[in-house]
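Undergrad: Handing you a structure now.
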Amino acid sequence: MKLRWGRRGFMVVPALSWLKDRPWRSGETSRAQSPAGQSDVSRRDFLVTSGALGATTLGMTTAAWGQAGPRKAFRVAILLPSFDQRRWKAADGAFFVKKAKELGMDPLPLQSANNDEALQASQVENLLNQRIDGLVLVAVNVDAAVSSVKKCNTAGVPVVAHNYIVPNVKLCGVSARDGVALGRNLGRALIEVAPKGNYVINKGEEGTDIARLKAQGGMEVLRPAVDAGQIKIVSDQWMRAWSGDLARKQTEQALTATKNEIAAVLSYCDCQAYGIVEALRAQGLTGKVFVSGEDGEPQMLKLILKGDAYVTGWTKFDEMGEKSATLLYECLAKKPTSAPDTVNNGAGNVPWFKISIVNVTKDGKGYQGMSVAKFADANPWWVTKKELGLA
């Protein structure tokens with residue numbers, strides 16, 4: 001490292017004489033061999049190296065004068081699986097961004113993967129190229145996301161798993177509900193009103209752990225009645241990308257096979273429930289077949305008020321977004337975690353904010369029930385009584 005006199009005083013010049021006279025051109029990466037011929041150096045590498053050396057020297061000078069420079073805001077991002085469900089933009093993403101800013105971080109704009117695993121993997125690589133400090137990942141497919149999280153681990157970028165838990169990789173935190181408990185809640189709500197008859201099980205995206213966990217919890221509740229012959233499961237299917245269209249087709253096929261003798265459809269997503277209600281409506285069976293969903297979307301709440309659906313599970317998505325931001329900040333700032341729980345993802349115990357859940361029914365009756373009106377009062381940022389025709 002050398003000092004050179006310039007118009008503004010002494011300047012620090014990195015002693016990298018072997019880089020001189022390189023043919024740098026705008027928008028193009030030129031590569032040069034080191035004197036040892038062992039590695040390539042790009043223009044970006046040169047700038048980063050020079051910047052680092054300069055920053056080190058400036059830092060030493062500043063310290064010598066007893067002054068402290070401002071700390072850089074952590075540059076963070078959240079990757080969402082899609083914008084199809086209302087929650088991703090209006091709740092999880094919005095509240096993550098809000099809390100991240102409150103904590104002094106610099107969140108990038110929300111991105112959707114359009115339920116495409118390959119696109120999400122590309123988005124992760126792009127963010128790493130942008131040198132983000134931390135990532136919150138809502139995986140399209142938890143198994144496919146393992147590779148992306150490993151790349152983040154290698155780059156030293158901490159990852160918080162949001163809503164879905166990526167298995168067998170290093171995570172700095174998890175913000176998610178208890179999927180098994182949610183499945184049990186919905187199963188109990190339906191079995192109370194439909195203790196006998198033919199059931200359709202309408203599961204979610206098999207590539208997500210939450211779909212598997214909800215299906216596990218629901219079946220735990222139904223199993224005794226199934227074994228006793230009181231309930232017969234006539235259709236049990238996964239729904240690619242939580243598709244309402246696939247849910248409609250499944251219900252239509254089940255109605256045909258049973259000659260419209262269906263007691264209940266245990267579904268784990270409002271977006272799927274819309275297709276189910278459509279199939280029932282075509283046969284004049286709305287209000288006669290009990291239908292569940294999950295997410296508490298305004299459209300689903302209207303169906304519940306009308307009697308076309310019975311129950312929806314609600315998770316505080318606003319809380320989930322905020323807790324993901326908190327977990328990421330604590331990890332980046334090297335602060336002790338404030339998460340009260342842990343969950344083992346196969347690679348070890350991970351700090352876990354377990355997000356609260358509740359069932360929402362028309363009048364608040366049923367297992368873990370809250371009325372639609374009380375739900376609207378408690379979550380006016382999500383839906384209002386006026387929007388639901390209750391005011």
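Undergrad: For V157, work out the one condition from (1) assigned to a loop (DSSP other than H, G, I, E, B); (2) under 18 Å from F353 (Cα atoms); (3) of a type in the set (V, I, T) it doesn't fulfil.
TA: Among (1) assigned to a loop (DSSP other than H, G, I, E, B); (2) under 18 Å from F353 (Cα atoms); (3) of a type in the set (V, I, T), V157 violates only (2).
Undergrad: Against the definition (touching a Cys at 6+ places or on another chain (Cβ under 6 Å), buried (at least 18 other Cβ atoms within 10 Å of the Cβ) and part of a helix (DSSP H, G or I)), how does C331 come out, yes or no? Don't jump to the end; show me each part of the working.
TA: Details: touching a Cys at 6+ places or on another chain (Cβ under 6 Å): yes; buried (at least 18 other Cβ atoms within 10 Å of the Cβ): yes; part of a helix (DSSP H, G or I): yes.
In short, yes.
Results for (1) more than 25 Å from the chain's Cα centre (by Cα); (2) within 22 Å of Y367 (Cα to Cα); (3) hydrophobic (A, V, I, L, M, F, W, C), shown as yes or no for each residue.
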position	(1), (2), (3)
A215	no, yes, yes
T251	yes, no, no
A264	yes, yes, yes
A279	yes, no, yes
A282	yes, no, yes
K306	yes, yes, no
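Undergrad: Looking at (1) at pLDDT below 95; (2) closer than 20 Å to D295 by Cα; (3) of a type outside the set (S, T, Y), can you tell me which one I355 breaks?
TA: Checking I355 against (1) at pLDDT below 95; (2) closer than 20 Å to D295 by Cα; (3) of a type outside the set (S, T, Y), the one that fails is (1).
Undergrad: Within the stretch 364-389, take every residue that is in contact with a Leu (Cβ under 8 Å, 6 or more places away or on another chain) and assigned to a loop (DSSP other than H, G, I, E, B) and give me the one that is surrounded by the most Cβ atoms within 10 Å (Cβ to Cβ). Lay out the reasoning, then the answer.
TA: Initial filter on the stretch 364-389 (in contact with a Leu (Cβ under 8 Å, 6 or more places away or on another chain)): 372-373, 375-376, 383, 388-389.
With assigned to a loop (DSSP other than H, G, I, E, B) added as a condition, the list becomes 383, 388-389.
On the way: V383: 21, L388: 17, G389: 9.
Per the stated criteria, the residue is V383.
Undergrad: Return the total of residues in the stretch 136-173 being within 12 Å of the chain's Cα centre (by Cα) and either in contact (Cβ under 8 Å) with a residue 60 or more places away in the chain or more than 16 Å from I78 (Cα to Cα) (or both).
TA: The number of residues fulfilling the criteria is 12.
Undergrad: Something else about it: On the given criteria, is D318 of a type in the set (D, E) and not in a loop (DSSP other than H, G, I, E, B)? Steps first, please.
TA: On the way: of a type in the set (D, E): yes; not in a loop (DSSP other than H, G, I, E, B): yes.
So D318 fits the description; yes.
Undergrad: Hey, another quick one. Considering every residue within the stretch 127-135, establish whether at least one is outside the structural domain of W242 (by TED's automatic domain parsing), more than 16 Å from I78 (Cβ to Cβ), out of contact with any Asp or Glu (no Cβ under 9 Å at 6 or more places or on another chain) and touching a residue at least 12 places away in the same chain (Cβ under 8 Å). Can you show your working first?
TA: Taking the stretch 127-135 first, the residues outside the structural domain of W242 (by TED's automatic domain parsing) are 127-135.
Filter once more, so that each one left must be more than 16 Å from I78 (Cβ to Cβ): 129, 131.
Of the ones still in play, those that are also out of contact with any Asp or Glu (no Cβ under 9 Å at 6 or more places or on another chain) are 129, 131.
Keeping just the survivors that are touching a residue at least 12 places away in the same chain (Cβ under 8 Å) gives 131.
The answer is yes; a qualifying residue exists.
Undergrad: Of the conditions (1) among the small types (G, A, S); (2) surrounded by fewer than 19 Cβ atoms within 10 Å (Cβ to Cβ); (3) within 27 Å of N345 (Cβ to Cβ), G207 satisfies every one except a single condition; which number is it?
TA: So the condition that G207 fails would be (2).
Undergrad: Taking the stretch 348-363, which residues are surrounded by 15 or more Cβ atoms within 10 Å (Cβ to Cβ) and either among the hydroxyl-bearing types (S, T, Y) or out of contact with any Asp or Glu (no Cβ under 6 Å at 6 or more places or on another chain) (or both)?
TA: Correct list: V350, P351, F353, I357, V358, N359, V360, T361, K362.
Here's the yes/no breakdown for (1) surrounded by 21 or more Cβ atoms within 10 Å (Cβ to Cβ); (2) at pLDDT below 95; (3) not hydrophobic (A, V, I, L, M, F, W, C):
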residue	(1), (2), (3)
L186	yes, no, no
K196	no, no, yes
M219	no, no, no
K232	no, no, yes
S235	no, no, yes
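Undergrad: Need the failing condition index for A254 against (1) farther than 20 Å from A309 by Cα; (2) surrounded by 21 or more Cβ atoms within 10 Å (Cβ to Cβ); (3) of a type in the set (G, A, S), just the number.
TA: For A254, the failing item is (1).
Undergrad: Go over the candidates T337, T326 one by one and state the one that is buried (at least 18 other Cβ atoms within 10 Å of the Cβ) and either closer than 29 Å to V174 by Cβ or not assigned by TED's automatic domain parsing to the domain that holds A254 (or both).
TA: T326
Undergrad: So which of A309, A347 ends up being closer than 21 Å to E387 by Cβ and in a loop (DSSP other than H, G, I, E, B)? Working first, answer last.
TA: Values: A347 fails: closer than 21 Å to E387 by Cβ.
After applying the criteria, what remains is A309.
Undergrad: Please work out which one of (1) in a loop (DSSP other than H, G, I, E, B); (2) outside the structural domain of W88 (by TED's automatic domain parsing) is the condition T251 fails and give its number.
TA: Exception for T251: condition (1).
Undergrad: Checking P70 against (1) modelled with pLDDT under 95; (2) in contact with a helix residue (DSSP H, G or I) (Cβ under 8 Å, 6 or more places away or on another chain): exactly one of these is not met. Which one?
TA: Of (1) modelled with pLDDT under 95; (2) in contact with a helix residue (DSSP H, G or I) (Cβ under 8 Å, 6 or more places away or on another chain), only one is false for P70: (2).
Undergrad: Taking the condition in contact with a strand residue (DSSP E or B) (Cβ under 7 Å, 6 or more places away or on another chain), charged (D, E, K, R), in a helix (DSSP H, G or I) and surrounded by fewer than 16 Cβ atoms within 10 Å (Cβ to Cβ), does K101 pass? Quick ask: steps written out before the conclusion?
TA: On the way: in contact with a strand residue (DSSP E or B) (Cβ under 7 Å, 6 or more places away or on another chain): yes; charged (D, E, K, R): yes; in a helix (DSSP H, G or I): yes; surrounded by fewer than 16 Cβ atoms within 10 Å (Cβ to Cβ): yes.
So K101 passes the test.
Undergrad: If you don't mind, another one. Could you tell me which of the residues A347, A391 is in contact with a Lys or Arg (Cβ under 9 Å, 6 or more places away or on another chain) and in contact (Cβ under 8 Å) with a residue 12 or more places away in the chain? Quick ask: steps written out before the conclusion?
TA: Working: A391 fails: in contact (Cβ under 8 Å) with a residue 12 or more places away in the chain.
Just a single option satisfies the conditions, and that option is A347.
The values are calculated or read from the model by the stated rules, or taken from the named source; none is laboratory data. Everything quoted here is computed from the prediction, not taken from an experiment. So basically every Cβ, Gly included, is an ideal-geometry build from the backbone, and we count neighbours across all protein chains shown.
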